[in-house]
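Working notes, beginning with the structure itself.
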Amino acid sequence: MQQDILINWSPQETRVAIVESGAVQELHVERTLERGLVGNVYLGKVARVLPGMQSAFIDIGLERAAFLHVADLHGAQREEGAGGRNAQPPKPIEKQVFEGQPLMVQVIKDPIGTKGARLSTQISIAGRLLVFLPQDDHVGVSQKIPADQREALRGRLQKLVGTPESGGGGGFILRTNGEDASDAELAEDIAYLRKTWARIRDAATRLPAGSLLHQDLSLLQRVLRDLVTEETQTIRIDSREQFAILQAFGREFMPQAAERLQLYKGERPIFDLFNVDEEIAKALGRRVDLKSGGYLIVDQTEALTTVDVNTGGFVGARNFDDTIFKTNLEAAHAIARQLRLRNLGGIIIVDFIDMGREDHRDAVLGEFRKQLARDRVKTMAGGFSQLGLVEMTRKRTRESLAHMLCEPCSACQGAGQVRTARSVAYDILREILREARQFNPREYRVVASPKVVELFLDEESQYLAGLSDFIGKPISLQSESAMGQEQYDIVLL
């Protein structure tokens with residue numbers, strides 16, 4: 001399927017849209033002041049060791065301490081993965097690290113919500129064709145490369161890597177896009193990665209704990225390294241300056257990807273070509289309309305995301321079973337796309353419309369899994385549960401689109417709803433009665449939102465007048481447009 005990549009650049013923000021057959025499939029946003037941390041290498045300092053959780057908190061100079069689990073300490077993966085009766089459990093974390101210890105760490109998961117960044121002491125540096133594991137000596141090949149080619153590629157790579165005795169060594173994994181690379185290209189990538197590691201080690205000897213030793217590539221550079229595939233036709237960018245910088249970077253490290261770079265010179269904003277801004281606005285809403293007339297409701301919470309499928313106004317099929325089946329099939333496509341578009345991760349529960357026929361359920365589940373397989377992020381979907389729900393997971397590596405672009409509503413504090421004007425009005429009446437039992441002012445003044453004041457002047461006027469007579473004090477009203485519907489003040493005059 002043909003693919004185009006659109007890059008909208010500004011000094012404060014980089015936005016990337018991946019478009020297939022005219023439809024936006026993925027959105028990536030990086031703000032200059034909010035760059036992701038995954039891949040960054042720090043010289044951290046152990047702040048606290050928690051033996052009960054087999055973890056430690058590491059100070060890497062961020063607002064919140066980062067989290068390191070015993071399974072992410074270098075060497076733990078090999079001990080756990082040894083298999084068989086002789087497999088040894090990881091050595092307790094309290095015997096490996098201590099408070100105050102300087103420790104070189106790498107971020108493997110960005111801070112999300114109230115959680116700090118997750119760290120590993122297993123350093124890996126990604127290049128164009130290879131991933132370098134400087135603390136290991138294993139040479140491997142991506143599992144996505146056909147099995148019958150892996151041994152030959154591993155042999156070629158082993159010769160190029162060499163041994164520690166010959167001045168080489170180190171662990172390398174051949175990435176998928178290195179399958180057809182020449183020996184010269186691989187050798188060039190090996191040299192680049194070793195030079196990068198040498199700079200990191202040198203910085204670790206000179207800089208104090210809490211310092212950044214290595215920063216991963218920017219979103220612009222990662223477009224060429226990670227997002228370009230064989231299906232990519234063009235990479236269009238709307239900044240002449242960044243086009244030149246990206247072109248120079250691409251020619252040095254990713255020449256094939258750089259050949260597809262184009263400077264966009266059109267008068268219309270580049271994202272207007274495929275209504276990308278309109279798609280962003282839709283991706284921030286709860287409701288997603290389907291072409292058939294059905295719709296999805298997407299609700300994202302701290303613990304999980306739920307997707308509810310509804311037939312809506314779709315009555316196009318000959319019978320009700322076919323209507324439900326066709327709506328669910330269309331929903332399977334739309335849900336997979338929305339997960340990519342919104343970058344939703346963690347546990348996801350999908351409530352397809354109930355289907356009576358087992359062949360319909362199998363077909364919908366098969367189509368859903370087929371669409372999820374197109375995702376570059378790891379996904380796993382189970383079958384239909386006893387309640388007719390599909391449970392799935394999608395690896396979460398960065399903030400969702402909504403968390404990146406939005407913040408909790410100041411009126412409802414993220415609850416998604418506010419109390420009605422009538423409920424607030426009754427709260428005010430009760431509050432005045434409480435105040436009257438404690439104080440003896442000349443007058444009570446209610447300062448509230450326009451809707452609440454309007455209610456007191458109209459439908460609730462007799463209750464306000466009755467309360468005034470009961471307490472024997474006048475009650476005046478003051479409308480304040482800056483107040484939220486739930487906000488009010490009672491001023492004693």
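The values are calculated or read from the model by the stated rules, or taken from the named source; none is laboratory data. Not measured: the values here are computed from a predicted model. With ideal geometry, Cβ positions are generated from the backbone for all residues, glycine too; neighbour counts draw on all protein chains shown. Ligands, DNA and RNA are stripped out before the accessible areas are found, and what is left, the full protein with its side chains, is counted by its heavy atoms. Shrake-Rupley method; radii C 1.70, N 1.55, O 1.52, S 1.80 Å.
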Using a probe of 1.4 angstrom, how much of the accessible area of segment 1-60 is carbon and sulfur, in percent? 52
Looking at the square roots a ≥ b ≥ c of the eigenvalues of the Cα gyration tensor of segment 227-369, which shape do they give, rounded for a/c under 1.5, prolate if a/b is larger than b/c, or oblate? prolate
Non-local amide H neighbours of VAL141 (under 5 Å, H modeled in plane, Pro and chain starts lacking H): which ones? LEU174
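Of the DSSP beta bridges with both residues in segment 204-308, give the percent that are antiparallel, rounding to the nearest 5.
Values: 7 of 10 bridges.
In segment 204-308, DSSP labels about 70 percent of beta bridges as antiparallel.
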Under 5 Å from the placed amide H of ASP238, counting only residues 5+ away or on other chains, we find ILE7, TRP9, TYR264
Restricting to lysines and to Cα separations under 29 Å from LYS378, and discarding same-chain partners fewer than 8 apart, the set is LYS109, LYS115, LYS144, LYS282, LYS291, LYS326, LYS370, LYS395
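Hey, can you find the accessible area per residue of the chain for me, probe 1.4 Å, expressed in square angstrom?
Numbers: 26620 Å² over 493 residues.
For the chain, the per-residue accessible area is 54 Å².
On the protein heavy atoms, probe 1.4 angstrom, tell me the percent of accessible surface of segment 299-419 carried by carbon and sulfur.
Values: 3390 of 6600 Å².
Taking all protein chains in place, segment 299-419 shows 51 percent carbon and sulfur surface.
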Per residue of segment 449-464, what does 6.51 cos²θ - 1.76 cosθ + 1.60 with θ = phi - 60° give for ³J(HN,Hα)? Whole Hz please, x for Gly and Pro, Karplus curve as stated. 5, x, 5, 5, 4, 4, 5, 5, 7, 10, 5, 9, 5, 5, 5, 5
Here are some values of Rg/Rh (Cα atoms, Kirkwood Rh): (i) 0.95; (ii) 0.97; (iii) 1.07. Which one was computed from this structure? (iii)
Quick one: which residues, 5+ away or cross-chain, put their amide H under 5 Å from the amide H of LEU213? H built at 1.01 Å from N. VAL41, TYR42, LEU43
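Expressed as a whole percentage, what fraction of the accessible surface of segment 143-280 belongs to carbon and sulfur atoms when a 1.4 Å probe is rolled over the protein heavy atoms? Walk me through the intermediate numbers first.
Details: 3710 of 7780 Å².
Of the solvent-accessible surface of segment 143-280, carbon and sulfur hold 48 percent.
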Which values, in whole Å and largest first, are the semi-axes of the equivalent ellipsoid of segment 393-493 obtained as the square root of 5 times each eigenvalue of the Cα gyration tensor? 38, 13, 11
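Share of antiparallel DSSP beta bridges in the chain, in percent to the nearest 5? Present the calculation step by step, with values, prior to reporting the outcome.
Values: 66 of 88 bridges.
Beta bridges within the chain, antiparallel portion: roughly 75 percent.
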Using Cα positions and a limit of under 23 Å, work out the lysines in reach of LYS91, with same-chain residues fewer than 8 apart set aside. LYS45
Taking θ = phi - 60°, what integer Hz values does the Karplus form 6.51 cos²θ - 1.76 cosθ + 1.60 yield along segment 279-287, in sequence order, with x for Gly and Pro? 5, 5, 4, 5, 5, 9, x, 7, 9
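Restrict the search to segment 116-183; then list the trypsin sites (Lys or Arg not before Pro) that DSSP places in a loop and that have at most 10 other Cβ atoms within 10 Å of their Cβ. Numbers along the way, then the final one.
Values: sites: ARG118, ARG128, LYS144, ARG150, ARG154, ARG156, LYS159, ARG175; in loops: ARG128, LYS144, ARG175.
Qualifying residues, ordered by number: LYS144.
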How many nm separate the modelled label positions at GLU431 and VAL38, each set 7 Å beyond the Cα in the direction of the Cβ? 4.5
Using alpha carbons only, how many degrees (0 to 90, rounded to 10) separate the axis of helix 358-372 from the longest principal axis of the chain? 70
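Restricting to bridges with both residues inside segment 294-365, how much of the DSSP beta-bridge set is antiparallel, in percent to the nearest 5?
Numbers: 6 of 11 bridges.
Here the antiparallel bridges make up roughly 55 percent for segment 294-365.
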For segment 338-346, take each phi angle, set θ = phi - 60°, evaluate the Karplus expression 6.51 cos²θ - 1.76 cosθ + 1.60, and give the result in whole Hz per residue in order, putting x for glycine and proline. 5, 4, 5, 4, 8, 6, 7, x, x
